[in-house]
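**Student:** This is the structure I want to talk about, given as structure tokens.
The values are calculated or read from the model by the stated rules, or taken from the named source; none is laboratory data. It should be emphasised that the depicted structure is a prediction, and the values quoted were computed from it without experimental measurement. In this analysis, Cβ positions are derived from the backbone assuming ideal geometry, glycine residues included, and neighbour counts consider all displayed protein chains.
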Amino acid sequence: MPNKHEGADEDSRRLCDLLLEAVQANTDGTLRRYEAQTCCSVDYAPGNVRLYYVYHGRRRISVWPRWASGDSDDLKRLATSASLTAGTRKKTATTWAQNHPLNIYVNDQPELERLLPIIRLATEAIDAGKTTHTIEMTAFEIDSNGSFPEGGRIAVTLNAYERSRTARNACVAYYGALCLACGFDFEKRYGLIGLGFIHVHHVVPIASIGSDYQVDPIKDLRPVCANCHEMLHRRSPPYSIDELKSRLVGGSVQPPAIDTALGSSRVRTV
């Protein structure tokens, strides 16, 4: 069998393809995949930085995201909080090993969706001009008392400051990219371009907090769709999510399932 991506296990190949498409759909950068039967690697431009490796297994993949070896414990806690299984590299003598210190196992599409915020953090570090992941994550145990400094009065989608993006991604990794008010799923409705997309709502209105407020991504933030986000803020103070749910006409939204045709995806260069 030729040593190419097409020769890998069918299920692991589909996960590898989906991960590439999902990461590309959620970044402004350019990805290039180098393929092999046992392992694929993906570079991220600008800079042509090696973003992650994918090792093909039997019906699953093992993903090694770019990360600083000194932050590997934080990465492992993040993976655990997202209900993902991670393993730590025993030896980090080479630069390659230092830049990719931990692997995360992905068995199916739901696990891949929970991995996406972690890959997004790595791309943000590269965009900031860092060759290794040095984002501040000293309190990133999002299943306990993790909190992040909020960058003042900014848009509630939390895209303006690096630490705020970290809190947003932690919220989505914990709750999932589903609207907690109506159940809307952007990926099911729009396919790959909607994978991982969701607004994040402040339970405590951001206009009422100070610039030094420590945002807890689990207690203070909730994922909601754009429509529900607007409806929550139709009054001041905003409606609670439970109040909005009680006002839904016809109950929660059940969007039709959309086939993303994973089996037909054979992307080499995006």
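**Student:** Output the residue which, of all residues in segment 157-179 that are surrounded by fewer than 20 Cβ atoms within 10 Å (Cβ to Cβ), of a type outside the set (Ser, Thr, Tyr) and out of contact with any Gly (no Cβ under 8 Å at 6 or more places or on another chain), is modelled with the lowest pLDDT.
**Tutor:** Taking the candidates together, the pick is 159.
**Student:** Out of all the residues in segment 49-75, which are among the basic types (Lys, Arg) and either surrounded by fewer than 19 Cβ atoms within 10 Å (Cβ to Cβ) or closer than 19 Å to residue 11 by Cα (or both)?
**Tutor:** 50, 58, 59, 60
**Student:** Which fully enclosed strands (runs of 3 or more DSSP E) of segment 13-78 have 3 or more residues being touching a strand residue (DSSP E or B) at 6+ places or on another chain (Cβ under 6 Å) and more than 16 Å from residue 89 (Cα to Cα)?
**Tutor:** So the answer is 30-34, 39-45.
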